[in-house]
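Notes follow once the structure below has been shown.
Throughout, read-outs are computed from the coordinates displayed, never taken from laboratory work. What you are looking at is a predicted structure, and each value in this text was computed from that prediction instead of being measured. Note that each Cβ is placed from the backbone with ideal geometry, even for glycine, and that neighbours are counted across all protein chains shown.
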Ligand code: ADQ
């Protein structure tokens, strides 16, 4: 990649190699971006995840490791409350995941969001050289491109949205929605996970903003500026992930899972503990399966791995409590002294261990109510044994469903549908499992994170 301009990535959180605090669940973004930055000797700028007043005085921590320089600022408690827990995670996240019932519209948090975006621009702009290309990530930083431009930056600046873009009729419930979208049109390229989210965005631009939308070329022209808007489905780091099978830690994890479940068939779910992931609805589906198939109770075990996230946001405390209650109910009603149908684990694991668990589980349940893409679905497929692959049960409302059409697709709101899908998966003959696996693995391998980065940065360079 020598000769390419330096890449500057800006995202809410930065995965700092030697973080001061214990790292929580980092989500799909971290691994994806590290791969992109590694071979461009890039710079990654964002929040350290720490709370202090030092960011207000302009202090930035930098370190270089593995060819990647990270530059991080701390946020004050007020910034964290208003920008991160507030506007980003209590307004935009629920709204963009179709949860109007959970979306809070508060003037103060909206102001905090703008203030922190302005701080990112103020501290980020001096780190950016004239030749750099700049890639901003996700809903926390939508206005950042416009803020950087107002400081005179002429660089190519792109933006990728990792979560869905809601339908116009939902989006307009956001106060000042037009202001937010106008800031997006200061980027040269705006990327979405799927064609569906892209179309929702274009619909808004055309019908609410009255911008000129050219669907054929994927451009939006507004007030003299043209922005490329396209879908770039994110993938996993295939090179790295597919090799984990040779790793001792992965083998050990697989062995641990198999020996602890004895002859029972393991089903697995792995998600950040988030209401968008449909975990209580999944447990309802499993409960329904046991209601309909009481004879199967000794043959199956469901393992749900869900490390807590965003614990300071009320709706996340509620989902955690609801889930604990549901698992407790089913286990209380259906356990025997020597057998528990649901194992619910509140912690994170390494990718190698997850690989081993995925490989040991004959059914992967990925049933979000809404999800930009969902990398767990792709990781589950990538971890399967080609000679005896497991079955992926996937929500039709995950972005990944547009690509993994050979999964068993379900409506995650329907316990009957989930129960039926489990039946199909259990009964599926080996040749059909292999046929579906081969189609899905080709997509997971080819639409990997390296190609995602390449496609986005190619469009950004040519913009
Ligand atoms: P997330 O909502 O975090 O990401 P996802 O795409 O599934 O969702 O990525 C989660 C990542 O975290 C996966 O790599 C997974 O292995 C890891 N993870 C989950 N649970 C874990 C656990 N218990 N221990 C360790 N690791 C765990 C957001 C969007 C998605 C989009 C991604 C990337 O919400 O729709 O796919 O960004 O763009």
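Quick rundown of the values:
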| item | result |
| --- | --- |
| The chain: angle of helix 279-292 to the longest principal axis, Cα-based, in degrees nearest 10 | 20 degrees |
| Part-to-part distance (alpha-carbon centres) for the stretch 103-151 and the stretch 349-395, which is given in Å | 34 Å |
| Acute angle (nearest 10 degrees) that the helix 314-334 long axis makes with the longest principal axis of the chain, alpha-carbon atoms | 10 degrees |
| Spin-label model distance (nm) - residue 321 vs residue 77, 7 Å beyond Cα toward Cβ | 2.3 nm |
| Estimated inter-spin distance, residue 334 and residue 347, nm [label 7 Å along Cα→Cβ] | 2.5 nm |
| 222 nm mean residue ellipticity, helices alone, for the chain (DSSP H n ≥ 4; -39,500 (n - 2.57); rounded to 500) | -12000 deg cm²/dmol |
| Rounded tilt (10° steps) of 415-427 against the dominant C-alpha axis of the chain | 60 degrees |
| Relative contact order (%) - criterion: Cα under 8 Å, at least six apart; region: the chain | 14 percent |
| Inter-label distance, nm, simple model (7 Å from Cα along the C-beta direction), residue 416/residue 212 | 5.2 nm |
| Bridge type composition, the chain - antiparallel percent by DSSP, nearest 5 | 20 percent |
| Relative contact order computed over the stretch 125-256 (Cα-Cα under 8 Å; 6+ residues apart), in percent | 20 percent |
| FRET efficiency estimate (nearest 0.05) - Cβ-Cβ, residue 30 to residue 454, R0 25 angstrom | 0.85 |
| Computed Rg/Rh of the stretch 238-446, alpha carbon atoms with Kirkwood Rh | 0.94 |
| Percent RCO, i.e. relative contact order, over the stretch 238-446, from Cα pairs under 8 Å lying at least 6 residues apart | 26 percent |
| Ranked packing of 441-449, 183-191, most packed first, by mean Cβ within 10 Å | 183-191, 441-449 |
| Order by protection proxy (mean Cβ within 10 Å, highest first), peptides 276-285, 259-268, 362-371, 118-127 | 362-371, 276-285, 118-127, 259-268 |
| Relative packing of peptides 6-15, 220-229 - highest average C-beta neighbours within 10 Å first | 6-15, 220-229 |
| Radius ratio Rg over Rh of the chain, counting only Cα atoms, Kirkwood formula for Rh | 0.97 |
| Where Rh is the Kirkwood radius over Cα pairs, Rg/Rh for the stretch 237-285 | 1.08 |
| Extension gain from residue 427 to residue 115, taking 0.36 nm per residue of separation minus the Cα-Cα distance | 106.8 nm |
| Separation between Cα centres of the stretch 263-324 and the stretch 437-462, rounded to whole Å | 31 Å |
